[in-house]
Amino acid sequence: MSRFFNRKSIMGIVIALTLVAAFAGGVLVRGSGTHAHAAGTNKIIGAGNNNPICSRLGKTLQASQGAQMFCFGPQSGSSVKSPLKKSSFAPNVDAANPQEDHSPSGTQAYGQSETSVAASGPYVVEAWNDSTGFFSPACSPMNKDQLTGFGFSNDGGKTFTDLGGVPNSGCLTSKLEGDPSVETYTVGGHTYFYISSIFIPFTKAENDLSVNVCTVVGSGSSATLSCGDPIVAASSGQCGSPFGFFFCSFLDKEFLAIDPVHARLYMSYTDFGINFSSPDNFTNGQIELAVCDLSSPATPTCYNGSSPNNSTAAAAPYFVVAPGDLNCEREGAYPAVDRATGNVYVAHEFNWATNIFNSNCFGVQVKNQLDYIPASCLTVPVASCSGPAATTSVNVSSMDAAFVPGYNRFPASDFPRIATSDSAGAVIIVWNDTRSHPLGDILLQSYALGSLASIQSSPVTVNSDTGGLHFMPALRYSNSDGNLDVSWYGRTNPNSTLTSVYATNVSPLATHAASHVLVTTGPSDWNAVSSDIIPNFGDYTDNYVVGETLYVAWSDGRLGDPQPFEDVIHDDDSGSAL
């Protein structure tokens, strides 16, 4: 079916700080600004809990916006700010409220980005990294001290209520550090949303990845959202003292995929581990998978190693998708589930950033790797096999070395997004790639379910416009026709920082470029946007498909302040927008 739609400075390099953390009299120094600690000491935000990953960021290692927030706290971006305007642009909607982005002292925070979205019926949840948490003391009203923010819509995404930070009753001893992903599950007449985050406990050396369960209460226009505390889904896999002090590996950039047929929630992520045989080297990103059993959807049981809801140090990962490399970095893992079989697929980028920062990787081809894990392996509490059943990869012409004007992070990325289509018998990845144009195109490559045999002889260009930047695609699920809805940031002019969001509907079996439509009703000039976080418009965008309805989420700068926007695009049987 034809779909869509009749509507619609040069940044500085991230300077890695060499952080000096000291333990003295029970006080851990972490930067500036104290938070009360349960034991009566003070915990200071911004120096990454003494984790050596922080001294490597921007040098030999790159990591997510959540890791940047964990290590460095607020970071300034552009110093130019446009006047604050209204926050809703029909049909584009700001899922947050800029007037809520005030700390208890009244300080405006600039930076709500890195968005994720999920929808079920009339209910939509969007989550984002929220810089308000940098300036808010522990246990602030509306959980403003947490760095994962979220909003709820009960009218199909037409309007949102900004709910502040995701709840964390352990706010004196832990903090949610962003990098959210949102999933949803409707069963037994109840709708649940799951919001994942990087989760930092102050009372132990490792970090966790967590899931907050939110339940829709009531129905229709009177429905509200009630959310519980974080549930640990994964914990650091390695701990030790190679430098004379105890620390653990760092878990980064988690993302969720749901299997509603088999009541499973999967989380892929990167584990930046420790090479104890040579302390100067680190495992530059092992890709791992965690699983939560949704048999009791309001209280899921998550498995990290052999213990449910494990929060102890050095927990073995549930499943290792791709072992870490001592030289070339793996990052940007995203999962997909074939709901007909329960099989899981995970895609990630190999040799991200190390292709320009580590001379050992200068001659190593950048690739996007795809791994297949059969459902028969994914037993609980322990997986019944030790690795993927099949692996393939596609060479990437990387944008890593691009200083994208208006994007206040270096390097860029080529992370793959992934979906499955049973009607096409395919698992599909999309990514930005420079093989035809230096500012990138959005490419698509499909593989046969199970075998991972290539369906196209070469990657297919998704975007039809070749004039400017095409960057950071989103893809989650196929629609009810088995086709794919892909969205991305784009620019029509290669010499402009005016940035919009585009989308297209394309077959997994496509062999040529698709046409696309403009989603945003106004562009963002990212050279004129204040930001307290790096990157200012995030490491990823997101979209979510329900039947023939597409929800698109992105960070938008048209207010002069990065905000988490959303739009919904409907399709009728004639293929036109409703």
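The values are calculated or read from the model by the stated rules, or taken from the named source; none is laboratory data. Since we're looking at a predicted model, the values are computed, not measured. Because the Cβ atoms are built from the backbone with ideal geometry, glycine has one as well, and the counts that use them run over all protein chains shown.
General remarks:
- Remark: pairs (first residue in the stretch 422-440, on the phi > 0 side of the Ramachandran plot; second residue not hydrophobic (A, V, I, L, M, F, W, C); Cβ separation under 7 Å; 6+ apart in sequence or on different chains) = G440/N432; G440/D433; G440/T434; G440/H470.
- Long-range neighbours under 6 Å by Cβ, at least six apart or interchain, first residue more than 19 Å from T504 (Cα to Cα) within the stretch 444-456, second of a type in the set (A, V, I, L, M, F, W, C) and at pLDDT 95 or above: Y447/V427; L449/V427; L452/A390; I455/A426
- Any hit, the stretch 540-554, residues being at pLDDT 95 or above, surrounded by fewer than 24 Cβ atoms within 10 Å (Cβ to Cβ) and of a type in the set (D, E): no
- Some residue of the stretch 103-113 being within 23 Å of the chain's Cα centre (by Cα) and in a strand (DSSP E or B): yes
- As a summary of the residue check, F276 satisfies the conditions (1) at pLDDT 95 or above; (2) touching a strand residue (DSSP E or B) at 6+ places or on another chain (Cβ under 7 Å) except for the one numbered (1).
- Residue match in the stretch 512-531 (condition: acidic (D, E), in a loop (DSSP other than H, G, I, E, B) and more than 20 Å from the chain's Cα centre (by Cα)): no
- Against the list (1) under 21 Å from E331 (Cα atoms); (2) within 18 Å of the chain's Cα centre (by Cα), the condition V501 fails is (1).
- The one condition from (1) farther than 20 Å from D400 by Cα; (2) in a strand (DSSP E or B) that W488 does not meet is (1).
- Where strands (runs of 3 or more DSSP E) fall entirely within the stretch 314-425, those with at least 2 residues that are over 26 Å from D179 (Cβ atoms) are at 390-395.
- Residues that are in a strand (DSSP E or B) and surrounded by fewer than 19 Cβ atoms within 10 Å (Cβ to Cβ) within the stretch 444-485 comprise A448, S454, listed in sequence order.
- Residue count, the stretch 338-370 (criterion: under 18 Å from A448 (Cβ atoms), crowded, with 24+ Cβ neighbours inside 10 Å and not small (G, A, S)): 5
- Test: residue in the stretch 48-57 that is small (G, A, S) and modelled with pLDDT of 95 or more: no
- Filtered residues of the stretch 445-464 (kept if in contact with a strand residue (DSSP E or B) (Cβ under 7 Å, 6 or more places away or on another chain) and closer than 12 Å to A503 by Cα): V462, N463
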